[in-house]
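Colleague: One structure, as structure tokens, below. Some questions next.
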Amino acid sequence: MTYLSHLLIYLNIYVIVALGLNMIVGYCGRLTLSQAGYFAIGSYAYALASVAWHWGFLPSVALGAGLAAVLSMAISLPSWRLKGDFFVMVSLAVQIVILSAIYNWYRPEAPLGTLRNLTNGPAGISGVPKPDMFGIKFDTVGSLAILATVTAGVCLLLGALLLKSPWGRVLQALRDDELAAKGLGKNVRLFKLQAFAIACALLAVGGALYASYVSFIDPSVASLDQSVLMLCMVVIGGIGNFRGPLVGAFMLLAFPEVLRFLNIPIALAAEVRLMAYGLLLVVMMHFRPQGLCGSYRIE
Amino acid sequence: MQVAVNGIITGLSIALLALGFTVTYLPTRVFHVALGGVYTSVPFVAWTCLSLGYPWPIAALCAFFSGVTLSVACEAFNHGRLERKGASSGVHLVSSLGLYIIIIQATTMIWGNQPKVLRVGVDSIFNLGGLVLTRAQVLSAVVSTMLLAGFYVWLSFSNLGLQFRGLADNPVEMSLRGYSVRRLRLVSFAISGLLACASALAFAFDIGFDPNGGLTTLLLAVVAMIIGGRRSFIGPLVGGVLLGVVRAEVSWFLSASWQEAATFILLSVFLLIRPEGLIGRKGRLEAEA
């Protein structure tokens, strides 16, 4: 039961992440690699606020989401002019800047949470408290699973409402033909700004949930491998509609569990897993470039 | 002066990788991310040959051979097939990213995650009229200059080089005139692997290597290509040297941890003010990727 709850929490985190990433990749038509950076911003904001400043669950998550939404301008402003390969490179650059900021923004002598030591560097932040809301303490795996499910449900509802609304249709229009959308009088730049901000905020919410569950974070949450994994999730599941990312999140969760039964030596398990993801990416691109249940092909 | 010369020498190695990237990007429009994997894995091949007791030339030959094979295999088994299906550039990019992951993970599985070096101890030093250069720097400068010069001579004067420039200009017209585009694409991936190998060996000989930095270094090369001008073959050389000098000066006057920041500030300035690069020319709107 604990194991199932554990899987459920991860599934919910992945679902939130996939939902956010789908907004950028599937609805804005921009491949990106900076998602782990925004995920990490959410994790670190949550950890800092709850460990160093003793904030509650909701304000900490809101801080992370707000910060990620503001910092999303680092990739949404370049998206005004760039697309395709060069946008990917810019997002990769943003990812590297975030990662190096997390690594370097600390002084060993300064206490955590001051301006000179925001991230604790390579050591990471440990002892992140479990969520505490309205007097209820979510300190068992089961209760955390319920909290994660509720959070993911709220995010899914909001996402569904947004993407099915006229706002979502404009996003699809500017993905398919930016010039035409502009010609119809839509403020293309503003729409991109909003979509990226919402998507990055969602990623940060996923990151905050992750930090509150594992209660220890270090710079590896912002590593490029994580970005690639998240990209795998949406690319394999399918992009451009609502169900694709859900399938992708489920696949990404189920895949390592299946590999677990194949008796791979522990020392090689991580490499084999990543290699399998790489192979999946290549194979998918050859035989089904829109993903398992996607409705939009990457340009 | 010393700092500038150091920067130029590093810049030449960056330029080699950037040129290797451009050599596939211009004619085939494939964003060859897997080149980062080639770059990462070849020093390990050289290291294995050296630790088996073979001399340097044979180790370098083995490394070049494996790098070229790997790069050509990417085209033969992945990009060539995708191209025949009419895949978009994003599909090429994602599959290349997949290949990059596969190559890196295979390298880690075979050789482990530890940093390694190609030479032992302190390097010998040359003194050239006030400038102090290490043997690794001199070697890397000489090899880079020779390779770059050789490439430009080949590109400008040989028949294949002419076909190559034609392919970069207009692939459809090239195939209509009866040239084998498939063969030319294979050649471009081979050259790209060769240049990436040279750059990787130069860096590895100077400062050592590990399996984790490939994509970051490739990113540096792409930045060099963008600031130099992505529509010409000379652009990467100019951009690479400029980037090397700027990075060296920044780490001299500020600190080494500002290098990345300086690189990306330079990139954003160029993307905002002069997106076609230093010596690039503006393309037509529908041709802009």
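The values are calculated or read from the model by the stated rules, or taken from the named source; none is laboratory data. For clarity, every value in this text was computed on a predicted model and none was experimentally measured. Cβ: placed from backbone, ideal geometry, glycine included. Neighbour counts: every protein chain shown.
Colleague: From the list B:110, B:103, pick out the single residue that is in contact with a helix residue (DSSP H, G or I) (Cβ under 6 Å, 6 or more places away or on another chain) and aliphatic (A, V, I, L, M). Let's see the steps before the verdict.
Modeller: Numbers: B:110 fails: in contact with a helix residue (DSSP H, G or I) (Cβ under 6 Å, 6 or more places away or on another chain).
The conditions single out B:103.
Colleague: Further, regarding this structure: Return the residues of region A:2-16 that are β-branched (Val, Ile, Thr) and touching a Gly at 6+ places or on another chain (Cβ under 6 Å); say none if nothing qualifies.
Modeller: The answer is A:13, A:16.
Colleague: Just one of (1) within 27 Å of residue B:128 (Cβ to Cβ); (2) modelled with pLDDT of 90 or more; (3) touching a strand residue (DSSP E or B) at 6+ places or on another chain (Cβ under 7 Å) trips up residue B:17, so point out which.
Modeller: Of (1) within 27 Å of residue B:128 (Cβ to Cβ); (2) modelled with pLDDT of 90 or more; (3) touching a strand residue (DSSP E or B) at 6+ places or on another chain (Cβ under 7 Å), only one is false for residue B:17: (3).
Colleague: So, one more: Just checking, does region B:76-95 include any residue being under 25 Å from residue B:203 (Cα atoms), touching a residue at least 12 places away in the same chain (Cβ under 8 Å), more than 7 Å from every other protein chain (Cβ to nearest Cβ) and not β-branched (Val, Ile, Thr)?
Modeller: Within region B:76-95, not a single residue is under 25 Å from residue B:203 (Cα atoms), touching a residue at least 12 places away in the same chain (Cβ under 8 Å), more than 7 Å from every other protein chain (Cβ to nearest Cβ) and not β-branched (Val, Ile, Thr).
Colleague: Here is a check on your reading of the model: is residue A:299 out of contact with any Pro (no Cβ under 8 Å at 6 or more places or on another chain) and not in a helix (DSSP H, G or I)?
Modeller: Yes, satisfied.
Colleague: Among the candidates A:16, A:24, single out the residue that is within 22 Å of residue A:244 (Cβ to Cβ), within 14 Å of another protein chain (Cβ to nearest Cβ) and crowded, with 23+ Cβ neighbours inside 10 Å.
Modeller: A:24
Colleague: If the requirement is being assigned to a loop (DSSP other than H, G, I, E, B) and in contact with a Gly (Cβ under 9 Å, 6 or more places away or on another chain), which of these qualifies: A:67, A:19, A:31, A:48? Don't jump to the end; show me each part of the working.
Modeller: Values: A:67 fails: assigned to a loop (DSSP other than H, G, I, E, B); A:19 fails: assigned to a loop (DSSP other than H, G, I, E, B); A:48 fails: assigned to a loop (DSSP other than H, G, I, E, B).
Testing whether each residue is assigned to a loop (DSSP other than H, G, I, E, B) and in contact with a Gly (Cβ under 9 Å, 6 or more places away or on another chain) leaves just A:31.
Colleague: Here is a follow-up. I'm trying to understand the selection: among the residues of region A:82-120, which are over 17 Å from residue A:220 (Cα atoms), in a helix (DSSP H, G or I) and more than 8 Å from chain B (Cβ to nearest Cβ)?
Modeller: A:87, A:91
Colleague: Continuing with the same structure: Failed condition for residue A:213, given (1) more than 11 Å from every other protein chain (Cβ to nearest Cβ); (2) hydroxyl-bearing (Ser, Thr, Tyr); (3) closer than 23 Å to residue A:168 by Cβ, with all others met?
Modeller: (3)
A quick yes/no check of all residues on (1) in contact with a Gly (Cβ under 9 Å, 6 or more places away or on another chain); (2) facing chain B (nearest Cβ under 9 Å); (3) without any contact (Cβ under 8 Å) to a residue 12 or more places away in the chain:
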residue: A:239; (1), (2), (3): yes, no, no
residue: A:246; (1), (2), (3): yes, no, no
residue: A:250; (1), (2), (3): yes, no, no
residue: A:254; (1), (2), (3): no, no, yes
residue: A:258; (1), (2), (3): no, no, yes
residue: A:271; (1), (2), (3): no, yes, yes
residue: A:277; (1), (2), (3): yes, yes, no
residue: A:281; (1), (2), (3): yes, yes, no
residue: A:294; (1), (2), (3): yes, no, no
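Colleague: Among the listed residues A:80, A:53, A:105, which satisfies the condition of being surrounded by fewer than 24 Cβ atoms within 10 Å (Cβ to Cβ) and touching a Leu at 6+ places or on another chain (Cβ under 7 Å)?
Modeller: Just one listed residue meets the conditions, A:105.
Colleague: Taking the criterion of being more than 29 Å from residue B:34 (Cα to Cα), at pLDDT below 80 and within 22 Å of the chain's Cα centre (by Cα), would at least one residue in region A:142-150 satisfy it? Spell out the reasoning first.
Modeller: Restricting attention to region A:142-150, the residues satisfying the condition of being more than 29 Å from residue B:34 (Cα to Cα) are A:142-150.
Imposing the further condition that a residue be at pLDDT below 80 reduces the set to none.
Scanning region A:142-150, I find no residue that is more than 29 Å from residue B:34 (Cα to Cα), at pLDDT below 80 and within 22 Å of the chain's Cα centre (by Cα), so the answer is no.
Colleague: Take region B:221-265 and flag every residue that is of a type outside the set (Asp, Glu), assigned to a helix (DSSP H, G or I), more than 11 Å from chain A (Cβ to nearest Cβ) and surrounded by fewer than 23 Cβ atoms within 10 Å (Cβ to Cβ).
Modeller: If the condition is that a residue be of a type outside the set (Asp, Glu), assigned to a helix (DSSP H, G or I), more than 11 Å from chain A (Cβ to nearest Cβ) and surrounded by fewer than 23 Cβ atoms within 10 Å (Cβ to Cβ), then B:238, B:241, B:242, B:245, B:246, B:248, B:250, B:251, B:252, B:253, B:262 are the ones that fit.
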